[in-house]
Structure formats: C-alpha cells, structure tokens
1. Of all residues in the stretch 123-142, which are under 28 Å from residue 188 (Cβ atoms) and not in a helix (DSSP H, G or I)?
2. Would you be able to say whether some residue in the stretch 292-300 is in contact (Cβ under 8 Å) with a residue 40 or more places away in the chain, surrounded by 17 or more Cβ atoms within 10 Å (Cβ to Cβ) and under 20 Å from residue 238 (Cα atoms)?
3. Only one of these is touching a strand residue (DSSP E or B) at 6+ places or on another chain (Cβ under 9 Å), under 29 Å from residue 150 (Cα atoms) and at pLDDT below 90: 85, 43. Name it.
4. Tell me which residues, restricted to the stretch 155-175, are surrounded by 11 or more Cβ atoms within 10 Å (Cβ to Cβ) and not in a loop (DSSP other than H, G, I, E, B).
5. Any residue that is buried (at least 16 other Cβ atoms within 10 Å of the Cβ), touching a strand residue (DSSP E or B) at 6+ places or on another chain (Cβ under 8 Å) and farther than 25 Å from residue 357 by Cβ - is there at least one of those in the stretch 252-273?
6. Go through the stretch 200-239 and give me each residue that's buried (at least 17 other Cβ atoms within 10 Å of the Cβ) and over 30 Å from residue 266 (Cβ atoms).
7. Going through the stretch 13-24 one residue at a time, which ones are surrounded by fewer than 15 Cβ atoms within 10 Å (Cβ to Cβ) and modelled with pLDDT of 90 or more?
8. Looking at the stretch 187-198, which of its residues are in a helix (DSSP H, G or I) and crowded, with 18+ Cβ neighbours inside 10 Å?
C-alpha cells in the first residue's frame, strides 16, 4: 500500500483477512495499534469491527508472504544452520556454537537489523537458554526489539505475566486456572503438582510446571517431522441449506486434501469430516478405509456418506471440513477382484487435476515476479 502512496497500515488499527469484503472472514494478522484495542488473530472480522468500526481491512497476498518467509529464513540460516522453523514468520536458531552469552544481544541486533534493511519489515528477536525462554522473550514489547530472558530473569520478567501468556496455554486451560485463582505465570509455577494435575491432567501438568519455571529440554530440530494428517475447510459467505451447494464445497476440500497427500507421496487410511452450524455447534465423524488411498473420489465418497449420517439435509451450515490421517508412503496397492472399474478413470482425473494445479501455481509465481521485479541489490533467495 505504501507503494501506491497510501498510509502505512502498520501505524493504524488494521488487519489482514482472507476476504476483506466478507464479515465472516477470519483475521490472519493484526497491526500493533489493532492489538492494543484487543483485536486478535483468528477473530472474525465482524467481531473486530464491533471493537473498531474504522478498522482498515486488507486482503492477504500468499505469494508475497511466502517470498518474505523464505527470505527471512535464509537470513536466519546464515547465522546458524541449526534452525527450526516454528511458523511462516518464526523460527528457533541454536547459536550456542556461534556466539557467547556476552555478545548474544549484539549478534541478535545485527540479525534483526539485517532483516529490516534487506526485506523491509521488522522482527522481534528473543534470547534465552532454551526454546521456551527465547519464544517468550520474542513476545515482549514490539516492534523491532531484542529481548533477553535468562533463567535468573524468569521471576522478574516472566512470572508477573498473565497465565495465558505462557506458551501452550490456551483459552480453556486459562479458564480452568483462573477459576482456581491462578492468574499469573508465577502463581502457576508455585502451584502444587497435585492441584495442577487435578486441573489439567498429569502429563500436561508436568509440562506446565516445567514451562512456568522456565525449563524446556526440547532441542532445536533441524529436520521437519512428516505430517501426521492433512485437512482443509471452507467457510461460507452465507449459510448453506441446499445439499447441492454443500456437496460442491465438500468436493472442493476433498480435491485440496487429496492433492496434498499425492504431492507428498502419501496414502491415507482414515477419513474424517465435520460441519459447523450457524450457532457454531459442530458435528463430526470419522471412518477407516479397507486400503490406504490417495484418490479424490474415494475420499470424497466416504465424506459424502458420513455427511448423510450427521446432517439432516436442511439445517443451515456455515462451514465444512475434511481431513485424512493414518498416512503411509507404501506404493504397493493390493489389487482386489472386486475393485471399482472406475478407479483408473479416477486416477487419470487426479493426474490431470494435479497437473492443472501445478500449472496454476507456476502462473501465479510468474505473475508475482512480473509485479515485483527482482532488485539486483538484494540477495537471491531462490536457486
């Protein structure tokens, strides 16, 4: 927007959403002024507009995000090859062999400034003796800052924070803890294990107790773990009641999920699906297949069968989702005497669909490169 002569949306209450014209669209990013008003990611646009009627809403540009992410990770990796990407714009870097505690802030500041000067956006860098402390430090005051959170600083810097600020504490856990009188991370750290276990269960209680005391033994994993499941969902601009509309939406998400598992050379043995009603109640169902598959039609037909079991055919639906799990790389497919004769047709349809998707993705990238000519003064991130 700055390139078009418009105001910098980072300086005003603004958000990014999938479809700015749809009040049901979900917020994927919010500016700092918007966050100060209580607007958060994952909120519906309609809720954010009630908080701030003058809110600036813009659509996202996935290809641009992807290029920025790759550039950001490339810069971070130049500081240490031991890197674990945490999200599209976050990563953990093991710097234990590259710098000492005494100059950690200096190195982190250099990294932060390099990202800003090279890519044009700001990042926060958190420094700590483990991943938890580094992540917590990175969420301190923003933007464009470097913060430390060493073990001896936990009580001063982390314990006064609200319990929801602790990594992995979600809304439900927060509600249980605050109902018990636990409002800060410090109170959680000092809560007896017996009481904590009764509130959240033994396994999670151990993790929360360790984390609240600043302890985390998880390593920086340089290898990305293989996916355990794939899913896609679709939220409608208006509630659907026509079975044909819902079937088209189910077909759409089935195509996406099946394409993804074929792309990654997987087959799935379990199919699940859900529908969300206009009152936000959810119905879901899951089924196991006799043989693993990556065929869109097989996955779709299972989803259709489950939909008929959980939907009355008339109640308004606002969202539908489909997922697959129990994945395998096995390529050998045991033939059956009673195999559907249409399977070869389905496989050919999938092949053409994958080919069309690949061409579309290439076309989008080409269009992006035409809109954003490469600056020869910047490092080349794509080889």
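The values are calculated or read from the model by the stated rules, or taken from the named source; none is laboratory data. Quantities reported herein were computed from a predicted structural model and do not represent experimental measurements. Please note: Cβ atoms are built from the backbone with ideal geometry, for glycine as well, and neighbour counts cover all protein chains shown.
1. 124, 125, 126, 127, 128, 129, 130, 139, 140, 141, 142
2. no
3. Result: 85 is the single residue among 85, 43 that is touching a strand residue (DSSP E or B) at 6+ places or on another chain (Cβ under 9 Å), under 29 Å from residue 150 (Cα atoms) and at pLDDT below 90.
4. Result: 155, 157, 158, 162, 163, 164, 165, 173, 174, 175.
5. no
6. 200, 205, 208, 209, 211, 212, 213, 214, 216 - these are the residues of the stretch 200-239 that are buried (at least 17 other Cβ atoms within 10 Å of the Cβ) and over 30 Å from residue 266 (Cβ atoms).
7. Matches in the stretch 13-24: none.
8. 188, 189, 196
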